[in-house]
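The structure under discussion appears below in the form of structure tokens.
Each reported figure results from applying straightforward, stated rules to the coordinates on display, with no laboratory input. Since we're looking at a predicted model, the values are computed, not measured. Cβ sites come from the backbone with ideal geometry, for glycine too, and all protein chains shown count toward neighbours.
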Amino acid sequence: MLFDTHMHADYSCDSHMTIAQAIAAAKKAGVGMILTEHWDRDYPTNPEMFKFDIDDYFAKDGKYRSERVFLGIEVGMQPHCVEEDTGMVGKYPFDEVVGAMHCMYGKDIYEPTTYTGLTKEVAVRKYLEESVRCLELYHDFDSYAHLDYICRYMPYEDNNLYYAENAELWDRVFKLLIDGNKALEINTRRLEDASVRPPLLKLYSRFRELGGKYATLGSDAHYTQHIGRAFNVAEEMANQCGLHIVHFEKRRMIVDK
């Protein structure tokens, strides 16, 4: 069974489903699930928006844990938060810790004003430089989420990412993940658009060429209808690249395919 290793429910302020609804939707989609609630310490637009009571999370959602339902967290990485985030991660019995980039140089990647006065070339370079900076500091996580996160929000005519335009920085990102034995998430949010697949496939293939072995599949679902979306496409991409699909249980990597 494949697992959707990235989704949000009751404890993520931007989610529109409960854990019970997510479990029913995952069962209907024929996938297991790992709930990865948002944790973004000192978020630029609202420092408390993407934090939650983790003790309460385990107390209330722990009863749902099973062989196909696991509890994790998505940690938004920022250099000045690494010490506190590392302490938090080590304190709780997560099944999976997802590392993610939602900010760059203290600005919210989601916000249009972040790109004011920046060409796409400069914006992408900043994104990758900050990604490298965070990956050099953060070590206690299991998978690296949505490497194309910036593509959702940057306001340019062509919002794809191309390996050749920043090859050195991409290689640095991938080598840091490989050296840390991290899985690279194939995020399925944009994969229903066939035009985005070739440049993403090049990135995942380069990860494999450099020695990467493992991929998770993550929908980043905030709505029930998005759980397991485009998993057929993501699975085929993993197969094309020669990456093993995995999920995590008690921070242990389990190979699915």
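Annotations
- Pairs of Cα atoms nearer than 8 Å and 6+ residues apart set the relative contact order; for the chain it is 22 percent.
- Point-to-point label distance, E192-E121, nm (Cα→Cβ direction, 7 Å offset): 3.5
- Low-density loop positions, GluC sites (Glu not before Pro), region 1-83 - DSSP coil, at most 13 other Cβ in 10 Å: E48, E67
- Summing +1 for each Lys or Arg and -1 for each Asp or Glu among the other residues whose beta-carbon sits under 10 angstrom from that of P44 gives -3.
- Here the calculated FRET efficiency for I54 and Q240, from their Cβ-Cβ distance with R0 = 30 Å, stands at 0.20, rounded to the nearest 0.05.
- Local net charge near V97, Cβ-Cβ under 11 Å (Lys/Arg +1, Asp/Glu -1): -4
- Taken along the Cα-to-beta-carbon direction at a fixed 7 Å, the label points for Q225 and N159 span 1.9 nm.
- The residues packed around K107, meaning those with a beta-carbon under 10 Å from its beta-carbon, carry a net charge of -2 if Lys and Arg are +1 and Asp and Glu are -1.
- Alpha carbon convex hull of the chain, projected area averaged over orientations, nm²: 12.2
- Net length gained if the chain between R68 and V233 were fully extended (0.36 nm per residue, minus Cα distance): 57.2 nm
- A straight Cα-to-Cα reach below 22 Å connects K257 with the lysines K27, K28, K182, K202, K213, residues fewer than 8 places away in its own chain not being considered.
- For the pair Y92 and D179, the difference between a 0.36 nm per residue extended length and the Cα-Cα distance amounts to 28.9 nm.
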